[in-house]
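Engineer: Quick one: the structure is below, and I'll ask about it shortly.
The values are calculated or read from the model by the stated rules, or taken from the named source; none is laboratory data. This one's a predicted model, so the numbers in the text were calculated from it and none came from an experiment. Cβ coordinates were reconstructed from backbone atoms using ideal geometry, including for glycine residues, and neighbour counts include every protein chain displayed. All accessible areas refer to the heavy atoms of the entire protein, side chains included, with ligands and DNA or RNA removed. Shrake-Rupley method; radii C 1.70, N 1.55, O 1.52, S 1.80 Å.
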Amino acid sequence: MDRIGLVGGNPLHGEIPISGAKNAALPLMIAALLTGDDLVLRNVPDLADVRQLRKLLLNHGVRIEVAPHDPGHIGETIVFSTPSITDTCAPYELVSAMRASFWVIGPLLAREGEARVSLPGGCAIGSRPVDFFLTGLKALGAHIEIDEGYVVARAPRGGLQGADVTFPFPSVGATHTILMAAVLARGTTTISNAAMEPEIVNLAQCLTAMGAKISGAGTRTLVVEGVDTLHGADIQIVPDRIEAGTFAMAGIMTGGDIVLRGARPEHFQAAIDLLRRTGAEIDCEPDLVRVRRSAGRIIAQDIDIGTFPEFPTDLQAQYMALMCRADGTSHIRETIFENRFMHVAELMRFGADIHTDGQVATVHGVRELKGAQVMATDLRASVSLVIAGLAAEGETTINRIYHLDRGFERLEEKLAACGADIRRLK
Ligand code: UD1
């Protein structure tokens, strides 16, 4: 199994191109199930999760063609077309590997009137139920049963019917799924307490370009007027705000100076504001963010994790790594997932001083971190170990890095180009 070896201590200097967002690429790829025409997606990152979803889509009858490299875009341009859905079942083997696969239930039900989709099951960061998805689909008229670990969903005769859906919590996945179901339903659907992450806006842009009628994307209330059919479109995946925030923290932690090319500051403004309070200097342009800490200490700052536009849970582990080297004590409150502190034990191998009490981690900054042997536990946690290792004295080895390959495109290459001493060990 691959590992990452790195030697800490080099400040990062240089420019990093920000890839297309994994969390936008996945729902936009799933939207290809809604039309028989070509859906062209640009800036698709080359990641294990994207490859995993491609397998599932092929199983449903989606044709997938990677276009020749387009020098104007980072990542791949991929053409998806689904003349007909050949199988409405999403099997356990393909869904259990990645939770977002479950979201196919929305378009399958909308276009074919039926879907049999494996329950995604729990995952390392928490139980992650699907109750909001099922309540939302039922509100649109679907009949739902659970059969041997599968959700079996059937639309009423005449198809899904628009309805009012109110989520108890603004779930990203449930918002994507109900949005994709509602675009082909009869009549009006109002989704209240919807997620408003930039990836939701990207999906709404994509669906609108395909002929859907959606208003309110980027707010807590989405209104969808159902249409009979959707057509093809040509859409760019938004830049990955989590990747940008991660590299920003790596730059600050190592005392470097890096330019995040393509990053959209308004997509991670809460992180930018927080990092400025830690003492970093950050300059923003519409498609570029420069981050540096030329001198001085890192100032400890508390943070409560929240839904967009608040500070994202997907940057919590990386921020904790940064706080390990701060002057003073910080409190980090995780509010989205109940078990997202697995990186704590691994960060302590570097000599960090962290205590957790329920959903709050208290981090006492230390003067120095020391390289260590650590193990990646989930996607975002893994990259926090990379950041900690880059700022630590001496050698670090990170095991189980397949988690990193799920969500960070060419991570070692991008860091090495900025002066990091990092390599993949086969
Ligand atoms: C998405 C992101 C993930 C990010 C998360 C929160 C993708 C591919 N993944 O995950 O990177 O960390 O948003 O920003 O985009 N919940 C329920 N019932 C439901 C659905 C959700 O209780 O039916 C709960 C979850 O257990 C969790 C919270 O709602 O505690 C938020 O989850 P959700 O926003 O749905 O996260 P994902 O869409 O799975």
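Conditions (1) at pLDDT 95 or above; (2) away from the ligand (no atom under 16 Å from the Cβ); (3) in a loop (DSSP other than H, G, I, E, B); (4) in contact with a Phe, Trp or Tyr (Cβ under 7 Å, 6 or more places away or on another chain), marked per residue:
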residue	(1), (2), (3), (4)
ILE16	yes, yes, no, yes
ASN23	yes, no, no, no
LEU26	yes, no, no, no
MET29	yes, no, no, yes
VAL40	yes, yes, no, no
GLU65	yes, yes, no, no
ASP70	no, yes, yes, no
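Engineer: Same structure, new question: The conditions are (1) of a type outside the set (Lys, Arg); (2) open to solvent by 20 Å² or more (accessible area, probe 1.4 Å); (3) closer than 22 Å to ARG410 by Cβ; (4) part of a helix (DSSP H, G or I), and ILE74 fails exactly one of them. Which is it?
Structural biologist: Evaluating ILE74 over (1) of a type outside the set (Lys, Arg); (2) open to solvent by 20 Å² or more (accessible area, probe 1.4 Å); (3) closer than 22 Å to ARG410 by Cβ; (4) part of a helix (DSSP H, G or I) leaves (4) as the failure.
Engineer: Give me the pairs: first residue in segment 59-77 and on the phi > 0 side of the Ramachandran plot, second residue open to solvent by 40 Å² or more (accessible area, probe 1.4 Å) and of a type in the set (D, E, K, R), beta-carbon distance under 9 Å, and six or more apart or on different chains, which are they?
Structural biologist: Listed pairs, sorted by first residue: GLY61/ASP87; GLY75/ARG42; GLY75/ASP46.
Engineer: Can you tell me which of (1) farther than 19 Å from LEU203 by Cα; (2) under 17 Å from the mean Cα position of the chain (by Cα) is the one LEU12 doesn't meet?
Structural biologist: Answer for LEU12: the failing condition is (2).
Engineer: Which of the numbered conditions does ARG277 fail, given that it passes all the others? Conditions: (1) more than 20 Å from the chain's Cα centre (by Cα); (2) under 20 Å from ASN10 (Cα atoms); (3) not acidic (Asp, Glu).
Structural biologist: All conditions pass for ARG277, except number (2).
Engineer: Do you know which of the residues in segment 383-408 that are open to solvent by less than 20 Å² (accessible area, probe 1.4 Å) and under 14 Å from the mean Cα position of the chain (by Cα) is farthest from the ligand (Cβ to nearest atom)?
Structural biologist: Of everything passing the filter in segment 383-408, LEU404 is farthest from the ligand (Cβ to nearest atom).
Engineer: Let me ask something additional. Which condition breaks for ILE144 when tested against (1) more than 11 Å from the ligand (Cβ to nearest atom); (2) surrounded by fewer than 16 Cβ atoms within 10 Å (Cβ to Cβ)?
Structural biologist: Failed condition: (2).
Engineer: Now a separate question. Is it fair to say PHE102 is in contact (Cβ under 8 Å) with a residue 12 or more places away in the chain and surrounded by fewer than 16 Cβ atoms within 10 Å (Cβ to Cβ)?
Structural biologist: Values: in contact (Cβ under 8 Å) with a residue 12 or more places away in the chain: yes; surrounded by fewer than 16 Cβ atoms within 10 Å (Cβ to Cβ): no.
No: the conditions fail for PHE102.
Engineer: Condition first: closer than 14 Å to ILE272 by Cα and in a strand (DSSP E or B). Now tell me which residues in segment 300-329 satisfy that.
Structural biologist: Within segment 300-329, ILE303 is the sole residue that qualifies.
Engineer: So how many residues does segment 247-271 have that are outside any helix (DSSP H, G or I) and either under 10 Å from ILE16 (Cβ atoms) or within 15 Å of the ligand (Cβ to nearest atom) (or both)?
Structural biologist: To start, the set of residues in segment 247-271 that are outside any helix (DSSP H, G or I) comprises 254-264, 268.
With either under 10 Å from ILE16 (Cβ atoms) or within 15 Å of the ligand (Cβ to nearest atom) (or both) added as a condition, the list becomes 258-263, 268.
Here the count works out to 7.
Engineer: When you go through LEU94, LEU109, LEU160 one by one, which is the residue that is over 29 Å from THR188 (Cα atoms), open to solvent by less than 40 Å² (accessible area, probe 1.4 Å) and more than 12 Å from the ligand (Cβ to nearest atom)? Before you say what the answer is, go through the steps one by one.
Structural biologist: Working: LEU109 fails: over 29 Å from THR188 (Cα atoms); LEU160 fails: over 29 Å from THR188 (Cα atoms).
Unique residue meeting the criteria: LEU94.
Matching residues to (1) open to solvent by 20 Å² or more (accessible area, probe 1.4 Å); (2) touching a Ser or Thr at 6+ places or on another chain (Cβ under 7 Å):
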position	(1), (2)
ARG116	yes, yes
PRO120	no, yes
ARG128	yes, no
LEU134	yes, no
THR166	yes, yes
PHE169	yes, no
LEU184	yes, no
THR189	no, no
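Engineer: A further question follows. With respect to LEU134, determine if the residue is within 13 Å of the ligand (Cβ to nearest atom) and more than 25 Å from PHE311 (Cα to Cα). Full working, then the answer.
Structural biologist: Numbers: within 13 Å of the ligand (Cβ to nearest atom): yes; more than 25 Å from PHE311 (Cα to Cα): yes.
Yes: the conditions hold for LEU134.
Engineer: Any residue at all in segment 166-189 that is under 24 Å from VAL62 (Cβ atoms), in a loop (DSSP other than H, G, I, E, B), within 16 Å of the ligand (Cβ to nearest atom) and at pLDDT 95 or above?
Structural biologist: Filtering segment 166-189 down to residues under 24 Å from VAL62 (Cβ atoms) leaves 172-185.
Checking which are in a loop (DSSP other than H, G, I, E, B) leaves us with 183-185.
Narrowing further to those that are within 16 Å of the ligand (Cβ to nearest atom): none.
No.
Quick grid of which residues meet (1) away from the ligand (no atom under 16 Å from the Cβ); (2) surrounded by fewer than 18 Cβ atoms within 10 Å (Cβ to Cβ):
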| position | (1), (2) |
| --- | --- |
| GLU285 | yes, yes |
| ILE299 | yes, yes |
| GLU310 | no, yes |
| TYR319 | no, no |
| ILE332 | no, no |
| GLU338 | no, yes |
| ILE354 | yes, no |
